[in-house]
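K.L.:
Pasting a structure below so you can have a look.
The values are calculated or read from the model by the stated rules, or taken from the named source; none is laboratory data. Model, not experiment: these values are computed from the prediction. Note that each Cβ is placed from the backbone with ideal geometry, even for glycine, and that neighbours are counted across all protein chains shown.
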Amino acid sequence: MEVKNKIVIVTGAGSGIGKATAIHFAKFGATVVVSDRQEAGAKEVVATIIKDGGKAISIPADVTSFEAVENLVAQTVKEFGRLDVIVNNAGIGPNLLRTHQSTLKDWDKVIAVNQTGVFYCMKVALVQFLKQGGGNIVNIASLAGLKASPNNISYSASKFAVVGMTKSVAMEYATKNIRVNAVCPGYTESALLTQLINAKPEMDSVLKSVIPMRRYGKAAEIADAVVWLASDNTKFMTGQTITLDGGTSL
Ligand SMILES: NC(=O)c1ccc[n+]([C@@H]2O[C@H](COP(=O)([O-])OP(=O)(O)OC[C@H]3O[C@@H](n4cnc5c(N)ncnc54)[C@H](O)[C@@H]3O)[C@@H](O)[C@H]2O)c1
């Protein structure tokens, strides 16, 4: 995949899909800024990439802070001279409560990370992309951004928003050499999924029973699609969502 020498930021890259994505970009010759609000995980990912002969640094950022996002992009540009790709992956899971029982705290928290965080990252990256004449955004949405997911109001709202923002922003900047696409994973092995199953162990068999492939996705399988969307192999593609869900959406 054609991402060699691209400068790539991955948010929430300290674990799960973000970690797999950072490692995958490095494997194809990109220089990766591994960013997470938790620095320890991000530093481990950087060490793994460097051990395997790749290029990476860690710049911590909590995507709910606009100043932190501005600093993330500014530091990246200071270090490498430009920014080619931002993968807006940082996200948190929901509380799994019915809407009338859901809490305002959960709503605010999930929207702040999953929706506003993506907006902040796009807004700041776009300024840099316009300055340098192009760039590429890949947002991590979810199957929950395409289909109903009951007992999941904040997460559902945030992921539908990510899909909407992806399409609208793609159209806005289509003539500016800036592409914006999204990946919609179904249930994928990660800390987020483990947390969900730990909260309700009966969910494991329930979830698998609705996945035609009868298994969860692997983070590396999602990373493949992210790197492809960010690569020069998909130059005519913008405003699209790719679903990787073992057939669940069918
Ligand atoms: N795992 C799934 O089944 C699944 C399915 C669909 C979509 N997704 C999406 O994929 C993305 C990655 O999730 P994952 O499953 O790898 O979960 P994960 O919990 O393994 O990883 C999420 C990472 O984001 C980081 N993070 C959380 N809040 C942050 C913040 N405010 N600022 C910066 N970093 C923050 C965490 O520290 C963590 O490293 C999320 O957007 C999630 O909604 C996951």
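K.L.:
Looking at Ile111, Ile92, Ile59, which one is within 24 Å of Thr241 (Cα to Cα), at pLDDT 95 or above and touching a Ser or Thr at 6+ places or on another chain (Cβ under 8 Å)? Walk me through it before giving the result.
P.N.:
On the way: Ile92 fails: touching a Ser or Thr at 6+ places or on another chain (Cβ under 8 Å); Ile59 fails: within 24 Å of Thr241 (Cα to Cα).
Of Ile111, Ile92, Ile59, the one residue that is within 24 Å of Thr241 (Cα to Cα), at pLDDT 95 or above and touching a Ser or Thr at 6+ places or on another chain (Cβ under 8 Å) is Ile111.
K.L.:
May I ask you to say which residue of Ala230, Ala199, Ala174 is more than 11 Å from the ligand (Cβ to nearest atom), surrounded by 18 or more Cβ atoms within 10 Å (Cβ to Cβ) and not acidic (Asp, Glu)? Steps first, please.
P.N.:
Working: Ala199 fails: surrounded by 18 or more Cβ atoms within 10 Å (Cβ to Cβ); Ala174 fails: surrounded by 18 or more Cβ atoms within 10 Å (Cβ to Cβ).
Every option except Ala230 fails the conditions.
K.L.:
Within segment 124-139, which residues are farther than 22 Å from Phe236 by Cβ and among the β-branched types (Val, Ile, Thr)? Don't jump to the end; show me each part of the working.
P.N.:
First, pick out the residues of segment 124-139 that are farther than 22 Å from Phe236 by Cβ: 124, 127-128, 131.
Within segment 124-139, Val124, Val127 meet the criteria.
K.L.:
While we're here: Among the candidates Ala20, Ala61, Ala42, Ala68, which residue alone is in contact with a Gly (Cβ under 7 Å, 6 or more places away or on another chain), farther than 14 Å from Val85 by Cα and within 11 Å of the ligand (Cβ to nearest atom)? Before the answer, list the steps.
P.N.:
Values: Ala20 fails: in contact with a Gly (Cβ under 7 Å, 6 or more places away or on another chain); Ala61 fails: in contact with a Gly (Cβ under 7 Å, 6 or more places away or on another chain); Ala68 fails: in contact with a Gly (Cβ under 7 Å, 6 or more places away or on another chain).
Of the residues listed, the single one that is in contact with a Gly (Cβ under 7 Å, 6 or more places away or on another chain), farther than 14 Å from Val85 by Cα and within 11 Å of the ligand (Cβ to nearest atom) is Ala42.
K.L.:
Any idea which residue in segment 32-52 is surrounded by the fewest Cβ atoms within 10 Å (Cβ to Cβ), counting only those that are within 17 Å of the chain's Cα centre (by Cα) and not in a helix (DSSP H, G or I)?
P.N.:
Only one residue tops the list, namely Gln38.
K.L.:
Which numbered condition trips up Leu83, out of (1) outside any loop (DSSP other than H, G, I, E, B); (2) closer than 29 Å to Gly133 by Cα?
P.N.:
(1)
K.L.:
Ok, one more. What number goes with the only condition from (1) assigned to a helix (DSSP H, G or I); (2) surrounded by 21 or more Cβ atoms within 10 Å (Cβ to Cβ) that Asn181 does not pass?
P.N.:
The one condition Asn181 does not meet is (1).
K.L.:
Right, here's the next one. Inside segment 233-250, can you point out the residues that are within 15 Å of the ligand (Cβ to nearest atom), loosely packed, with under 15 Cβ neighbours inside 10 Å and over 18 Å from Asn181 (Cβ atoms)?
P.N.:
Kept after step one, since they are within 15 Å of the ligand (Cβ to nearest atom), are these residues of segment 233-250: 241-249.
Cutting the leftovers down to loosely packed, with under 15 Cβ neighbours inside 10 Å gives us 247, 249.
Gly247 - this is the single residue of segment 233-250 that is within 15 Å of the ligand (Cβ to nearest atom), loosely packed, with under 15 Cβ neighbours inside 10 Å and over 18 Å from Asn181 (Cβ atoms).
K.L.:
Let me ask something additional. Which residues, counting only those in segment 180-239, are farther than 18 Å from Pro94 by Cβ and of a type in the set (S, T, N, Q)?
P.N.:
Within segment 180-239, Asn181, Ser205, Ser209, Ser231, Asn233, Thr234, Thr238 qualify.
K.L.:
Could you list, in sequence order, all residues of segment 122-139 that are outside any helix (DSSP H, G or I) and aliphatic (A, V, I, L, M)? Steps first, please.
P.N.:
Taking segment 122-139 first, the residues outside any helix (DSSP H, G or I) are 133-139.
Ile137, Val138, listed by residue number.
K.L.:
Please tell me if Ala112 is in contact with a Leu (Cβ under 8 Å, 6 or more places away or on another chain) and hydrophobic (A, V, I, L, M, F, W, C).
P.N.:
Working: in contact with a Leu (Cβ under 8 Å, 6 or more places away or on another chain): no; hydrophobic (A, V, I, L, M, F, W, C): yes.
The answer is no for Ala112.
K.L.:
When segment 124-153 is examined, which residues are found to be within 16 Å of the ligand (Cβ to nearest atom) and over 24 Å from Gly247 (Cα atoms)?
P.N.:
If the condition is that a residue be within 16 Å of the ligand (Cβ to nearest atom) and over 24 Å from Gly247 (Cα atoms), then Val124, Ala125, Ile137 are the ones that fit.
K.L.:
I would also like to ask the following. What is the one condition in (1) outside any helix (DSSP H, G or I); (2) under 17 Å from Leu229 (Cβ atoms) that Leu97 does not satisfy?
P.N.:
Against the list (1) outside any helix (DSSP H, G or I); (2) under 17 Å from Leu229 (Cβ atoms), Leu97 comes up short only on (2).
K.L.:
Counting only residues that are touching a helix residue (DSSP H, G or I) at 6+ places or on another chain (Cβ under 6 Å) and among the hydrophobic types (A, V, I, L, M, F, W, C), which one in segment 53-66 is surrounded by the most Cβ atoms within 10 Å (Cβ to Cβ)?
P.N.:
To start, the set of residues in segment 53-66 that are touching a helix residue (DSSP H, G or I) at 6+ places or on another chain (Cβ under 6 Å) comprises 54, 56, 58-64, 66.
Those left that are additionally among the hydrophobic types (A, V, I, L, M, F, W, C): 56, 59, 61, 63, 66.
Working: Ala56: 25, Ile59: 19, Ala61: 28, Val63: 26, Phe66: 15.
By that ranking, first place goes to Ala61.
K.L.:
Being surrounded by fewer than 24 Cβ atoms within 10 Å (Cβ to Cβ) and in contact with a Lys or Arg (Cβ under 8 Å, 6 or more places away or on another chain) is the filter; apply it to segment 67-111 and report the residue that is nearest to Ala161 (Cα to Cα).
P.N.:
Filtering first and then ranking leaves Ile92.
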